[in-house]
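Student: Before anything else, here's the structure in question.
What follows is calculated from the coordinates using simple rules that are stated; it is not laboratory data. Worth saying up front: this structure is predicted, and the values here are computed from it rather than measured. So basically every Cβ, Gly included, is an ideal-geometry build from the backbone, and we count neighbours across all protein chains shown.
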């Protein structure tokens with residue numbers, strides 16, 4: 001296992017970790033590592049490091065390990081953790097900011113999550129609503145998992161859960177403005 | 001023929017669930033001398049006590065047995081109950097059928113049998129009880145406080161304020177102890193000297209307090225209310241009656257020595273006051289380093305002193321005084337980590353220091369005037385590592401116990417460092433953060449916000465690299481090995497008892513625990529008393545503590561002393577040893593085994609078989625005897641007997657059980 005040279009990693013990464021945290025509205029010093037977030041998280045079975053550890057690594061300035069971790073990409077943003085956190089640490093927002101910083105650095109530890117996220121936002125941007133059937137198709141093509149969930153499609157169509165008709169909202173421009181404002185134009 | 005009443009307590013279901021009370025009552029009725037047996041759900045309650053009193057009157061009972069809980073719990077209650085009856089309070093025996101029977105057994109059959117045995121023994125014993133009477137012991141209303149740290153200061157002030165004279169004995173040249181060395185105190189960040197020095201001045205100026213600095217207790221005799229204590233006042237070589245404390249001698253003294261008060265970071269003179277606010281505010285001469293004593297030269301202080309207060313021919317003085325009560329507040333010392341922790345450099349690295357030394361460095365009146373610098377090169381450290389539990393919670397190398405104050409002063413050091421050095425990095429290696437005082441956890445949380453990085457784990461090794469010290473540890477939270485290149489390392493070392501605690505403990509008959517701390521009479525219910533009546537504990541002499549706890553304990557001990565001094569006289573314990581002078585053969589074994597020094601040998605002339613003989617016999621000091629019974633067990637000629645537990649009574653019990 002690699003040793004972390006705290007003095008060096010702090011000097012190198014202190015600014016980037018703190019910038020990411022403050023963009024998420026999180027004070028890294030707040031977290032006292034009780035682990036309640038990890039214990040309540042529904043997705044830990046798929047994660048490589050615990051949600052708690054993501055913050056710990058950031059506290060120690062171990063930024064490279066954070067960028068390589070799958071955990072931020074698997075976070076479902078269900079906000080169970082922050083609801084229960086004794087220190088009110090907004091972990092899902094932090095995960096989101098880590099994903100953005102990670103992507104900006106050309107890093108995508110879980111490619112599918114990134115593809116899905118982009119397609120989803122793009123869909124909303126275009127029509128103001130998510131059109132599941134087209135979303136599934138595009139995702140399967142873009143991710144390379146061509147047949148994923150395909151056999152569910154007829155069943156869902158018969159039930160009227162998905163369909164070929166494209167749904168939208170009246171004022172698409174408003175939705176686009178909202179998204180632009182939030183993301184600084186990343187989605188378009 | 002004695003008329004014994006036996007009262008069986010159910011203690012709710014505490015006893016009745018495991019002991020068949022009806023069978024116990026029936027068996028008890030058969031015992032010789034028993035004229036009356038009664039059961040009650042709660043014998044200690046008011047109705048229970050009334051029932052006992054009533055049956056004493058109705059049945060003409062002259063001695064009683066109460067079968068209930070431990071005598072430690074309610075023997076006194078029942079003795080008090082008997083004071084307004086015709087029965088002497090010592091004509092009472094308690095059969096412990098709760099702690100020694102129902103609570104430790106599950107089998108009702110066996111429990112009942114054992115309870116019957118216990119009651120039978122108590123009945124047999126009470127049959128041989130004799131009435132005992134207390135007597136009055138006069139009290140010398142002057143207190144002795146040993147140790148002039150914050151605990152001793154507080155205790156002395158409290159007693160003196162109540163109007164009783166106090167002698168405060170301090171082995172150093174000034175009172176103040178460890179607290180006066182500190183910079184600030186957690187969690188309020190009061191300046192330590194600013195809150196300690198006024199108290200020191202109060203002590204110095206108090207009409208009821210006499211300070212004996214540079215003094216040690218040498219000999220103790222007597223007992224509660226009447227201790228005779230001999231104190232050695234070491235030679236100061238300065239006449240304190242004449243000295244004005246002008247400081248000219250100190251200014252002109254040519255000999256420079258390492259200052260103990262500044263933890264070796266600065267020099268002092270051979271004639272010196274340890275620090276500016278010292279009380280008494282007068283210097284002493286350190287004869288080991290004074291050129292007058294070592295080389296028979298110099299003497300400049302003597303020449304310059306305007307009031308001729310220098311006395312090179314001064315000698316140690318022995319003072320003997322009477323005291324009614326004693327408070328031991330001898331304090332702590334930091335463990336010598338250099339002999340224990342080779343992995344931290346064993347003292348070879350000048351910038352690996354202990355917490356008290358760091359206190360001097362950050363202290364505005366310290367050698368660096370509060371500028372944080374490294375002792376080695378005087379440079380400002382940018383990265384500081386604090387290591388907690390050095391010597392504490394380390395039974396292999398140091399002590400098994402937690403030193404209690406380090407978590408908080410460690411947090412305080414981190415806070416102060418980050419406050420003074422804005423671009424500094426502070427890493428605290430810890431095992432747990434124990435911040436359980438009022439406002440303590442909030443303080444620790446603020447330290448985290450200040451930017452201190454807490455890393456859970458001990459540092460395994462420190463080694464120098466260039467002018468840095470590399471500290472290697474594991475962050476056990478993330479399971480990563482981490483290293484820090486530190487400029488300065490502060491070790492939060494364990495507290496251990498003062499060396500003098502051993503001698504003080506022996507002098508006053510106060511036992512010490514495995515770690516050497518003086519032990520209290522009961523860890524929960526008698527926390528400031530000792531097993532020697534009239535001797536109390538305050539501060540870290542009893543165990544590691546922070547300042548608020550020391551002060552609280554000191555005031556508690558003072559309250560005990562004041563309470564005693566407010567009595568007209570003390571009531572003696574009548575359950576003490578007595579000597580049968582005819583059978584005593586003068587061997588002196590009892591003198592050796594007595595833990596309270598209550599027995600002395602005396603040569604007497606007496607007429608035996610119409611002949612005058614001179615021989616040694618043991619004499620018991622009734623004030624000192626605590627009734628432990630060690631002497632009676634050691635006496636080969638059965639000349640010693642413990643009233644209330646006479647040899648006859650105990651044999652009766654044994655017979656009742658075994659025959």
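Student: Label points 7 Å out from Cα along the Cβ direction at residue A:83 and residue B:218: separation in nm?
Tutor: Taking the simple label geometry, residue A:83 and residue B:218 are separated by 7.7 nm.
Student: Next question, about the same structure. If each of residue B:566 and residue B:346 carries a label point 7 Å out from its Cα toward its Cβ, how far apart are those two points in nm?
Tutor: 5.7
Student: What translational D, rounded to a whole number of µm²/s, comes out for chain B from Stokes-Einstein when the hydrodynamic radius is the Kirkwood one over Cα pairs, at 10 °C and 1.306 mPa s?
Tutor: 55
Student: So what is the 222 nm mean residue ellipticity for chain B from helices alone, if each DSSP H run of at least 4 adds -39500 (n - 2.57) and you divide by all residues, rounding to the nearest 500 deg cm²/dmol?
Tutor: About -8000 deg cm²/dmol.
Student: In addition: Can you give the helix-only mean residue ellipticity at 222 nm for chain A, where every DSSP H stretch with n ≥ 4 adds -39500 (n - 2.57) and the sum goes over all residues, rounded to the nearest 500 deg cm²/dmol?
Tutor: Helix-only estimate at 222 nm: -17000 deg cm²/dmol.
Student: Compute the acute angle (0 to 90°) between the alpha-carbon long axis of helix B:108-126 and the principal axis of greatest extent of the alpha-carbon atoms of chain B; round to the nearest 10°.
Tutor: Helix B:108-126 and the main axis of chain B meet at about 80 degrees.
Student: Looking only at segment A:107-144, which residues have a backbone nitrogen under 13 Å from a spot 7 Å from the Cα of residue A:157 in the C-beta direction?
Tutor: Of the residues in segment A:107-144, A:133-134, A:137 have backbone N under 13 Å from the label point off residue A:157.
Student: Still on this structure: Please say if segment A:111-183 is rounded, prolate or oblate, where rounded means a/c under 1.5 for a ≥ b ≥ c the square roots of the C-alpha gyration tensor eigenvalues, and otherwise the choice is prolate for a/b larger than b/c and oblate otherwise?
Tutor: Working: a/c = 3.54, a/b = 1.37, b/c = 2.57.
Oblate.
Student: So, in Å, what gap is there between the alpha-carbon centers of segment B:342-409 and segment B:287-318?
Tutor: Segment B:342-409 and segment B:287-318 have Cα centres spaced 37 Å from each other.
Student: Expected output is a single nm value to one decimal: the length gained when fully extending between residue B:613 and residue B:288, i.e. 0.36 nm times separation in residues minus the C-alpha distance. What is it?
Tutor: This chain segment gains 111.5 nm when fully extended.
Student: While we're looking at this one, here's another question. Calculate, for residue A:111 and residue A:181, the FRET efficiency according to 1/(1 + (r/R0)^6) with r their C-beta to C-beta distance and R0 25 Å; round to the nearest 0.05. Before the final figure, lay out the partial values.
Tutor: On the way: r = 28 Å, r/R0 = 1.11.
Computed FRET efficiency for residue A:111 and residue A:181 comes out at 0.35.
Student: Using 7 Å Cα-to-Cβ label points, what is the residue B:248/residue B:235 separation (nm, one decimal)?
Tutor: Placing both labels 7 Å beyond Cα along the Cβ direction yields 2.4 nm.
Student: Additional query: By its C-alpha gyration tensor, with a ≥ b ≥ c as the square roots of the eigenvalues, how is segment B:561-659 shaped: rounded for a/c under 1.5, else prolate for a/b larger than b/c, else oblate?
Tutor: It comes out oblate by the Cα gyration axes.
Student: Starting from 0.36 nm per residue, how many nanometres of slack lie between residue B:161 and residue B:266 once their C-alpha separation is accounted for?
Tutor: Value of the extension gain: 34.0 nm.
Student: Here's another thing I want to ask about it. Please list, by residue number, everything in segment B:74-98 whose backbone N is under 14 Å from a paramagnetic label point 7 Å out along Cα→Cβ of residue B:133.
Tutor: B:88-90
Student: Report the Cα-based extents of segment B:129-213 along its three principal axes, largest first, to the nearest Å.
Tutor: On the principal axes, segment B:129-213 reaches 62, 29, 23 Å in Cα extent.
Student: Please report, largest first and rounded to whole Å, the three semi-axes of the ellipsoid equivalent to segment A:6-104, where each semi-axis is the square root of five times an eigenvalue of the C-alpha gyration tensor.
Tutor: They are 20, 14, 12 Å, listed from largest to smallest.
Student: Ranked from highest to lowest mean number of other Cβ atoms within 10 Å per residue, what is the order of the peptides B:95-101, B:215-221?
Tutor: B:95-101, B:215-221
Student: Other chains' Cβ within 10 Å of B:452-458 residues: what's the mean?
Tutor: Per-residue shielding by partner chains comes out at 2.
Student: Quote the FRET efficiency, to the nearest 0.05, computed for residue B:336 versus residue B:659 with a Förster distance R0 of 60 Å and r equal to the Cβ-Cβ distance.
Tutor: After rounding to 0.05, the efficiency reads 0.50.
Student: Could I ask something else about it? Nearest 0.05, what FRET efficiency do residue B:312 and residue B:258 give at R0 = 35 Å with Cβ-Cβ as r?
Tutor: 0.90
Student: Post the alpha-carbon centroid distance, segment A:138-188 to segment B:583-659, in whole angstrom.
Tutor: 101
Student: Another one. Consider just the alpha-carbon atoms of the protein assembly as shown and return their Rg together with their Dmax, both in angstrom.
Tutor: 38.1, 134
Student: Oh, and also: Just to confirm the number: angle between the C-alpha axis of helix B:150-161 and the first principal axis of chain B, 0 to 90 degrees, nearest 10?
Tutor: Roughly 60 degrees, rounded to the nearest 10.
Student: Ok, one more. With both bridge residues required to lie in segment B:333-496, what share of the DSSP beta bridges run antiparallel, to the nearest 5%?
Tutor: 45
Student: Averaged over A:5-14, how many beta carbons belonging to a partner chain fall within 10 Å of each residue's beta carbon?
Tutor: On the way: counts 6, 15, 14, 3, 2, 5, 3, 0, 0, 2.
Per residue, the number of nearby Cβ atoms from other chains is 5 on average.
Student: Another question, then. Pairing the Cα long axis of helix B:71-83 with the longest principal axis of chain B, what angle in degrees results, from 0 to 90 and rounded to the nearest 10?
Tutor: Result, in degrees: 60.
Student: Right, another one. I'd like the antiparallel share, as a percent to the nearest 5, of DSSP beta bridges with both residues in chain B.
Tutor: 55
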